[in-house]
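*Asks:* Below is a structure I'd like to ask you about.
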Amino acid sequence: MVSTNAVRYPVSSVVAVGLMAAVFLGLFTIISQRPTMVAAPVVERFDFTPKIKPRDPERIRPVKPDPIVPRPTVVLSGPPTNDLVIVDRIDVLTIAPAPLTELPSRVDSNPGPLVRPDPEYPRMAMARGIEGWVELQFTVSGSGAVTDVVVIDADPKGVFDGAATKALQSWKYAPRVREGHAVEQRGMRVVLRFDLD
């Protein structure tokens, strides 16, 4: 007579191997699927003011307002384009280009801005009331990243160069497309102005 352990172990091993193979196959199928690109929805501003009045107004301490930090103005060189959207006086650039996977094979396009964070105003320059500008040259890679940032000219020299370079390196572009393939674009230029308003 065959013992139950002699049957139980091989059967459970076969079942375990089968389940593990099914799990790995399912995970491999999920991982190997190509992600779909979806345009991000535009979200309206929320009103965060409290709707409930406090019971004891004497216990509330007055809050000092935050100091006003000037935001540098970004001025781009080149012909004006209609692809920038300014939302509610905040410098937010919202652009939704067509995904590169859906472009016809012979469509050519130039780099388009996607994300442009503002540079930080240097504290020393702000404290001394210094304003100025920096002209930069850069390359937009095939992935849309900004590389090879070089300061071409600045006024005053050396004051805003670091802040402008750091901000430009965090910008993202839709890359240049040539014959349906993303390629890098060298020699792009931009002027960043630092104004105390």
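Values quoted throughout were computed directly from the atomic coordinates according to the rules given, and no laboratory measurement underlies them. On a predicted model such as this, the values are computed, not experimentally measured, just so you know. Here the Cβ is made from the backbone with ideal geometry for all residues, glycine too, and neighbour counts use every protein chain on show.
*Asks:* What FRET efficiency comes out for Arg178 versus Gln33 if R0 is 22 angstrom and r is the Cβ-Cβ distance? Round to the nearest 0.05.
*Replies:* For Arg178 and Gln33, the calculated efficiency is 0.20.
*Asks:* For Glu44 and Ser109, FRET efficiency with R0 = 45 Å and r from the beta-carbon atoms, rounded to 0.05?
*Replies:* The pair Ser109/Glu44 has a calculated efficiency of 0.90.
*Asks:* Points 7 angstrom from Cα along the Cβ direction at Arg189 and Ile152: gap in nanometres?
*Replies:* It is 0.3 nm.
*Asks:* I would also like to ask the following. Students often check this: by mean Cβ neighbours within 10 Å, which of 160-166, 147-153, 134-140 ranks highest, and how do the rest follow? Walk me through the numbers on the way to the answer.
*Replies:* Numbers: 160-166: 19.3, 147-153: 13.4, 134-140: 21.3.
Top of the packing list down: 134-140, 160-166, 147-153.
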